[in-house]
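Worksheet: the structure to be examined is printed underneath.
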Amino acid sequence: MSDLALGYLSFPVLLALIFLRAPIGLAMLLCGIGGLWLATDGTTVFMARLKSEVYSTFSNYSLSIIPMFLLMGQFATHSGMSRALFKAAEAWLGHRKGGMAMAAVGACAGFGAICGSSLATAATMSRVALPELRKYGYSGGFSTATLAAGGTLGILIPPSVILVIYAILTEQNIAKLFAAAIIPGILAALGYMITIAIYVRLYPDQAGIKERMPYGARMKAFAAVWPVLLVFGLVVGGIYNGWFTPTEGAAVGALGTGLIALFSGTLNLGVLRDSIYETATGTGMIFFIVLGAAFYNGFLALTQVPQELSAWVTAQGFSPWTVMVMILVFYLILGCLMDSLSMILLTVPIFWPVIQGLDFGMTTEELAIWFGIMVLIVVEVGLITPPVGMNLFIINSMDRETPMTATYKSVLFFVGSDVVRVVILLMFPAITLVLI
Amino acid sequence: MLHKLIEKLAQGMALLGGIVLCALVLMVCVSVAGRELADASHGGWLGGVGDWLLGLGVGPILGDFELVEAGMAFTIFAFLPLTQLSGAHAKVDVFTSGMRPGLNRALGTFWSLVMAVIIVLITWRLYAGLQDKLRYGETTYLIQFPIWWAYAASLFAAIVAAVVSLYCAAMRLTGQRET
Amino acid sequence: QEVTLRLHQFLPAQSTVPAQILDVWADSVEADSDGRIKVERYPSMQLGGTPPQLIDQVIDGVADIVWTVAGYTPGRFPQLEVFELPFISPDAEATSRAYWQLAEERMMDTDFADFKPLGLWVHGPGVIHANRPITEVSDLRGLKLRAPSRTTTTLFTNLGATSVGMPVPAVPESLSRGVIESAVIPWEVMPSLKVEELVENHTEFTGNALYTLAFIFAMNKDSYAALPDDLKAVIDSNSGLEFSAFAGRTQQAADRPARSIAEARGNTIITLDADQTAAWAEAAAPTIDAWIAEADAAGIDGTGLYRDAVALIEANNTGN
Ligand code: NA
Ligand code: NA
């Protein structure tokens, strides 16, 4: 069998393993190892790669943001900070239909602004928000879907690791790409809130509602969360002002929430132990998936599947807009199987020259920025489209009572809002380009 | 009895990883504070205090980011046993939720066996990687501590993960436990 | 074709080294073998792993050929560091020739025993890119700076800068946010990291380069041994001293267009004259002495390496 055929065959095999309840990371790792074995006619390559690549994946500096933010979320959750935060959100939004879910999306947007990763945003905000949403009577599927969608804001709202990589691949200005991502990011958050408003009107039984609170009580609830806002402001402001890198910001955030918990008397040895246990299982689960993705993507690259697929897409002689739409659809489909960073690394060097050669009536720089933002959005949608979406898996595994099918049903509404946004941004590039 | 022992082992490993993680958090914060204090002192904004601080040698911790990398590798390996024991790995139950419980249990047992094999394989390869690093004498960039130290610490944690995953598979095979 | 060789490296395909050096080598090997060799090119670490793992990948046969930076694996090629010492390289081609020759003399059975070197070269002169003008050594005091290698980090720390360690891809974002105020890289690398958009001052030196980095372009031993003799000859005739010289020359030539990008933006380019450069070289001398002493103590004859490297560079530096 040719390498290419092997690559295509790996898609259905991977899906079959996943649907037969193999842990996601294990399924990807098996496909990657098995694929490398067959494609290179022997065990040499994957055995050699296992020697150092597991260690290097686990010791990746950019990924170390994940356990740090998970620990921060644990301190916040266990010490009741998240409760205070949601009390405040409840005071202001809880009397509205779907208000708590909107607050969760707002929190994801805020968190996304300090974190470069969707998975980390989704995982951390879930630790904080999922129990609260459930307590307020939101259905399991609606809660997990809201947080999975909210998590994608992590990449969209700068700083974003993926945007930096794209900027380097296409030789574009990073600051301008960051600026261009702001309006689409806000549109995404607004779109999700509108989706929530519609959803709770269609399914009123899936969301709880609170009595309207007087303004005095609202201010009081707000005042109770100032330490949290202080840490949040320190982390966000510090990263934006260049006091520290995002990973360092995560450490500052973890220490800050830890200190607040300590001084408020809620952090004792038992709480610290529980926080570490929860951080451990969350981190272990995420890194096992990242490990599997690394091996599977290495195998796919070797088979040249991404290159051949994209060569086929661009060899059909269609109009620029058709090619653009096809590429975006291609990313959407590929997004079912691969993580966004690997997709960008594999395909942008192939797609970008093609797009650059087509006439969309804008300068090369504008085109590069617009295309980059479109790709970024579509790749992120792939994280929440059923059946396979990394954010869906991660959030769903944090809520054992909710079946995956319930999450799938609810998340379709958010995917719908994403599709509407993609169409709008595709039709009006000016929305993306106005801030640069 | 055996279960208690394995549970303590996995929890102990997670705690060890957690302690390293907390130490890394503290180290990064100290390094950031040192760097920014030194920056402010050089800028003259702190006046005499700044000069005094510079005299004390205030600054970032040398090689902080390679310490994070090495420590984080150990931390993640140390988190694997508990992840394994508590069955925290992400799965999809979309097609199997309607299946007979017996079939689901069989699938669970099968994957737990495969997982054990893979983790043993990873542990064995990590040992081979450790020998490479030892032979070539590779060090980190700035503080130049030998990389094999970090590999050795990770290997210790990986061995515990292998033991725990073998235990999980054995418990499932013999039908004694579903972890 | 008969043989497929996988070439793996860490930069995007359109960067200087892949496009103007590695592709030239690969195309020429393919043509000289009448198409019997095909070189599959995998840029941007597409085959997986991180840049420091490239050298293990070529030893273990994960890739047949890799291009990598020697300094990515500190401690592994202690002898090569001699070419990365401050103010040793007058010209990338001359130093690249010296590097290949010294490697043939001293390193093929030691540092390079586990793979087959195809090319060994260094890049053009390193430049200080900073958010404020750097003219005197004392201007470095307190400057938050990211240096590219162990030796340069030691150098700048000794000269009073605050060295901040981070991986290369983190440089643009850190510069834009002020986590670092300066990056030290050659002109040719600058545009790919967008450094000229993030800082406005560039300090270059006259005569010997502030620093340079040593590269390794290498092939798996078994992949080479498996070739029939005529194809081995194709690989050999495209590799070695002249290819290394070509690579060094090409990479330094790519400095010029990159420099004019900074010029066109109206950035400040400070060219230190010979006297000013001498003051920097003097400040750097203790760092060199310390390296030699350290290498001697580690039993790799730092004194001899430094003496031979300087002599070979001198002999190859025809000044054209
Ligand atoms: Na972000
Ligand atoms: Na998907």
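The values are calculated or read from the model by the stated rules, or taken from the named source; none is laboratory data. Note that the structure is a prediction, hence the values are computed from the model and not measured. A quick note on method: Cβ atoms are made from the backbone with ideal geometry, for glycine too, and the neighbour counts reach across all protein chains shown. The protein model used for the area step is the full one, side chains on, heavy atoms only, and it has no ligands, DNA or RNA in it. Shrake-Rupley method; radii C 1.70, N 1.55, O 1.52, S 1.80 Å.
Tabulated values for the structure
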read-out: Percent antiparallel among DSSP beta bridges (both partners in the protein assembly as shown, rounded to 5); value: 55 percent
read-out: Selected from C:THR206, C:THR152, C:THR250 as most flexible by GNM, with chain C as the system and alpha-carbon contacts under 10 Å; value: C:THR206
read-out: Furthest towards positive pole of dipole, B:SER112, A:LEU433, A:TYR408, structure part the protein assembly as shown, Cβ charges; value: A:TYR408
read-out: Sequence-distant lysines (8 or more away, or on other chains) whose Cα lies within less than 30 Å of A:LYS97; value: A:LYS87, A:LYS135, A:LYS210, A:LYS220, A:LYS409
read-out: Accessible surface of region A:200-312 [probe 1.4 Å, protein heavy atoms]: carbon and sulfur percent; value: 68 percent
read-out: Accessible solvent surface per residue of chain C, calculated while the other protein chains remain in place, 1.4 angstrom probe, Å²; value: 34 Å²
read-out: Aspartates and glutamates whose Cα lies under 19 Å from that of C:LYS232, excluding same-chain neighbours fewer than 8 positions away; value: C:GLU2, C:ASP23, C:ASP27, C:GLU30, C:ASP32, C:ASP34, C:GLU40, C:ASP64, C:GLU104, C:ASP114, C:ASP222, C:GLU242
read-out: GNM top mover of B:LEU134, B:LEU155, B:LEU53 - chain B, alpha-carbon springs below 10 Å; value: B:LEU53
read-out: Sulfur and carbon atoms: percent of accessible area, region C:215-273 [1.4 Å]; value: 52 percent
read-out: Accessible surface of region B:22-179 [probe 1.4 Å, protein heavy atoms]: carbon and sulfur percent; value: 69 percent
read-out: Residues B:ILE143 and B:VAL30, FRET efficiency given R0 of 22 Å [Cβ-Cβ distance, rounded to 0.05]; value: 0.90
read-out: Separation in nanometres of the label points that stand 7 Å from Cα toward Cβ, at A:ILE194 and B:GLN131; value: 6.2 nm
read-out: Calculated FRET efficiency for the pair A:LYS409/A:ALA224, C-beta based, R₀ 25 Å, to 0.05; value: 0.10
read-out: Using alpha-carbon coordinates, inclination of helix C:255-264 to the longest axis of chain C, degrees; value: 40 degrees
read-out: Cβ charges +1 (Lys, Arg) and -1 (Asp, Glu), total dipole of region B:2-173, debye; value: 1060 debye
read-out: Relative contact order, percent, chain C [alpha-carbon distance under 8 Å, six or more residues apart]; value: 26 percent
read-out: Loop-resident sites, region B:52-141, for chymotrypsin sites (Phe, Trp or Tyr not before Pro), counting at most 16 other Cβ within 10 Å (DSSP); value: B:PHE95
read-out: Surface per residue (accessible, 1.4 Å probe) for region B:2-173, Å²; value: 42 Å²
read-out: Candidates C:ALA31, C:ALA63, C:ALA278, ranked by Gaussian network fluctuation over chain C, Cα under 10 Å, top entry; value: C:ALA31
read-out: Residues of region C:178-222 buried by at least 20 Å² on assembly (accessible area, 1.4 Å probe, chain alone as reference); value: C:VAL179, C:SER192, C:LYS194, C:GLU197
read-out: Gyration tensor verdict on region A:1-76 (Cα atoms; rounded if a/c is under 1.5, prolate if a/b is larger than b/c, oblate otherwise); value: oblate
read-out: Heavy-atom accessible area per residue - chain A, 1.4 Å, Å²; value: 33 Å²
read-out: Karplus-derived HN-Hα couplings along region B:2-7 (A = 6.51, B = -1.76, C = 1.60, θ = phi - 60°), whole Hz, x at Gly and Pro; value: 5, 4, 4, 5, 4, 4
read-out: Spatial separation of Cα centroids for region A:214-290 and region C:106-141, in angstrom; value: 41 Å
